[in-house]
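The values are calculated or read from the model by the stated rules, or taken from the named source; none is laboratory data. Since the structure is predicted, the reported quantities are computational estimates derived from the model, not experimental observations. Here the Cβ positions follow ideal geometry from the backbone for every residue, glycine too, while neighbour counts run over all protein chains shown.
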Amino acid sequence: MTNEEGADAVSAPSRVPGLTRREVWLRRQRRRGILIASVSTAVVLTVAVVGITSASGWPRVKQLFFNGERFKKDFPEILGYLWVDIKLFLQCIPFILIWGMTIALCRNARTPVLFPLRAFAAAYTDIFRGIPVVLTIYLIGFGVPALGLWEGEIRFLGLGGDVRSVYLWGPVALILSYSAYVAEVFRSGIEGVHESQRAGARSLGLSQRQTLHHVVLPQAARRVVPPLMNDFLSLQKDVALLSFLGIIDVFRRAQSIKDLRGNYTPYVVAAIIFLCLTVPLTRFVDWYTARHRRRTGGTVVA
Amino acid sequence: MSPKVSIRNVRKSFGTKAARRTVLHDVSLEIGEHQVVCLIGASGSGKSTLLRCINMLEPVDDGEIWLHGPDGAIDLAEPGLDPDPIRRRIGMVFQSYNLFPHMSVLRNITLAPTKVLGKSAPEAHATAMELLGRLGLADKAAAYPDQLSGGQQQRVAIVRALAMQPELMLLDEVTAALDPVLVGEVLNVIRDMRNDGMTMVLATHEMGFAREIADLVCFLKDGVILEAAPPAQLFSEPRHAETRDFLARVIASGRL
């Protein structure tokens, strides 16, 4: 703020009927903020557009990536495969939640008899979080069917098909990988419940199992929702990795059109389709997290 | 007077063998049925640990803690003893209330009676409402803990413990976290419990209250009961120099 403005503010305190001095000041600040934000956005966008379109390679990039004619033709074609991604995503979620929770509970097991389970859970999360998802997909998606252990069909909760099908082992690979991340989310949620809650429950005579069931897990569930939704957001994108196994989804279809026409516009189409899916989900996660924080942060003590 | 709890030569330490910190040295104490025993002393003197040992929230290293009941006496210091059947006979109230924030007041109170004692929901409900009514909290049954004042939360925590119909109540600095104007309502509840004949052990910093309510006051310092006497004697003619020193400091800080 310059001296002139400061002097102005002191000498002429604008009075608006029905508003406090602070409200008047806040209103002025807000208007100024909006103005500055709009101007700077316009400047940045102009510089970016001018900079990119004036590059020497732009006409070629425009022809290869942003071809309007191809866009019109390819968009409906690729959009038709969106349900494949959504279906695979939705099929994986229940399995990830169940398996992730199982691993988390194994890791929290304290009795000596259950030590093997604890060791298994620790090794499991280390291994699957340590391997790139795409590698897990290759190893499981191609490796397990190649073993040729069984023949026939497996169907469970809408998942499955022929036991050698990539439509079975691809999602299984995603489930195994994501369960490791989700297990860690659950574990930190369980450990985040304060020790005094356990003491309160145990002092009433509730057993360890009852304490977990009635006191610890319900409170952990609330605090794991935001990080859990973050994991599912990245799962939504990683479903596209299954196309490496030959599953035809948005990404795979875009790739085959690209191969056929020698134009990259289908990739841009695929990117836009994924954004239409993930941006609303991201906004929802942010909104939910903010609401969650308000609710749990606003403890009232009279 | 028949005994309720007999504590004999209890020792308790925390930490590993390399860095051991002993919090209770050879503590012995006799708590009679319907008696109120107050544990006083500076923070870290072992008051809370002693209470937690009686409720088996902390396992003791050595010594005996006999809980006398209608079916004879049980040594709570016995290593490997299942704590759950013991804890349902002993109520405990904590400094930080430890209410379950995701449950209504009523559910906080009825959870253990239904799940642990196997009472029917209507029966547990009726007991809870009766106790809440007696403590002037009947209109809070549907509220959640974070909608209550500290004093109300602590009274709900007391009701939650009482709903198990315990033979003994352990109160761990139950007014220490409260706004001064809310302390009175909790102390009134404790007075009422005393008049109902409840056996109680309190760790407390409220010296005036201890003086008024206790049958026996124990002064702890560094994990040792230095002096145990009826309040009239302990507060007026403390025998031990350390007790005199402690009380002088309490008086100097305006809390007695």
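Given the residues A:193, A:133, which is the only one that is away from chain B (no Cβ under 14 Å), in contact with a Leu (Cβ under 9 Å, 6 or more places away or on another chain) and not acidic (Asp, Glu)?
The unique qualifying residue is A:133.
Would you mind stating whether residue A:187 is charged (D, E, K, R), over 22 Å from the mean Cα position of the chain (by Cα) and buried (at least 20 other Cβ atoms within 10 Å of the Cβ)?
It is false that residue A:187 is charged (D, E, K, R), over 22 Å from the mean Cα position of the chain (by Cα) and buried (at least 20 other Cβ atoms within 10 Å of the Cβ).
On the given criteria, is residue A:239 β-branched (Val, Ile, Thr), part of a helix (DSSP H, G or I) and surrounded by fewer than 18 Cβ atoms within 10 Å (Cβ to Cβ)?
Working: β-branched (Val, Ile, Thr): yes; part of a helix (DSSP H, G or I): yes; surrounded by fewer than 18 Cβ atoms within 10 Å (Cβ to Cβ): no.
No.
Could you tell me whether residue B:12 is closer than 24 Å to residue A:201 by Cα and not hydrophobic (A, V, I, L, M, F, W, C)?
yes
So how many residues does region B:169-204 have that are touching a residue at least 12 places away in the same chain (Cβ under 8 Å) and polar (S, T, N, Q)?
3
Tell me yes or no: at least one residue of region A:262-282 is surrounded by fewer than 18 Cβ atoms within 10 Å (Cβ to Cβ), part of a helix (DSSP H, G or I), among the polar types (S, T, N, Q) and away from chain B (no Cβ under 12 Å).
Looking through region A:262-282, at least one residue is surrounded by fewer than 18 Cβ atoms within 10 Å (Cβ to Cβ), part of a helix (DSSP H, G or I), among the polar types (S, T, N, Q) and away from chain B (no Cβ under 12 Å).
Taking the options A:164, A:202, A:252, name whichever one is surrounded by fewer than 19 Cβ atoms within 10 Å (Cβ to Cβ) and not β-branched (Val, Ile, Thr).
A:164
Kindly state which strands (runs of 3 or more DSSP E) lie completely within region B:167-232 and contain at least 1 residues that are in contact with a strand residue (DSSP E or B) (Cβ under 7 Å, 6 or more places away or on another chain) and of a type in the set (Phe, Trp, Tyr).
B:216-221
Exactly one condition in (1) more than 30 Å from the chain's Cα centre (by Cα); (2) surrounded by 13 or more Cβ atoms within 10 Å (Cβ to Cβ) is false for residue A:56; which is it?
Here residue A:56 meets the rest and fails (2).
Determine, yes or no, whether residue A:94 is out of contact with any helix residue (DSSP H, G or I) (no Cβ under 7 Å at 6 or more places or on another chain), assigned by TED's automatic domain parsing to the domain that holds residue A:165 and surrounded by 13 or more Cβ atoms within 10 Å (Cβ to Cβ).
Working: out of contact with any helix residue (DSSP H, G or I) (no Cβ under 7 Å at 6 or more places or on another chain): yes; assigned by TED's automatic domain parsing to the domain that holds residue A:165: yes; surrounded by 13 or more Cβ atoms within 10 Å (Cβ to Cβ): yes.
Yes.
Of all residues being crowded, with 20+ Cβ neighbours inside 10 Å and touching a Leu at 6+ places or on another chain (Cβ under 7 Å) in region B:54-75, which is nearest to the other protein chains (Cβ to nearest Cβ)? Just the residue, please.
B:55
Of the residues A:257, A:248, which single one is among the aliphatic types (A, V, I, L, M), more than 12 Å from every other protein chain (Cβ to nearest Cβ) and not in a helix (DSSP H, G or I)?
From the options A:257, A:248, the qualifying one is A:248.
If I filter region B:137-164 down to residues being loosely packed, with under 15 Cβ neighbours inside 10 Å and free of Cβ contacts under 8 Å to residues at least 12 places away in the same chain, which single residue comes out as nearest to the other protein chains (Cβ to nearest Cβ)?
First, the residues of region B:137-164 that are loosely packed, with under 15 Cβ neighbours inside 10 Å: B:138-139, B:142, B:146.
Right, trim to free of Cβ contacts under 8 Å to residues at least 12 places away in the same chain and you get B:138-139.
Numbers: B:138: 18, B:139: 15 Å.
The qualifying residue nearest to the other protein chains (Cβ to nearest Cβ) is B:139.
If you go through region A:209-225 one residue at a time, do you hit one that is away from chain B (no Cβ under 14 Å) and either under 18 Å from the mean Cα position of the chain (by Cα) or surrounded by fewer than 17 Cβ atoms within 10 Å (Cβ to Cβ) (or both)?
no
What number goes with the only condition from (1) within 24 Å of residue B:245 (Cα to Cα); (2) buried (at least 20 other Cβ atoms within 10 Å of the Cβ); (3) polar (S, T, N, Q) that residue B:22 does not pass?
So residue B:22 meets the others, but not (2).
Only one of these is within 19 Å of residue B:171 (Cβ to Cβ), touching a Cys at 6+ places or on another chain (Cβ under 9 Å) and free of Cβ contacts under 8 Å to residues at least 60 places away in the same chain: B:40, B:7. Name it.
B:7
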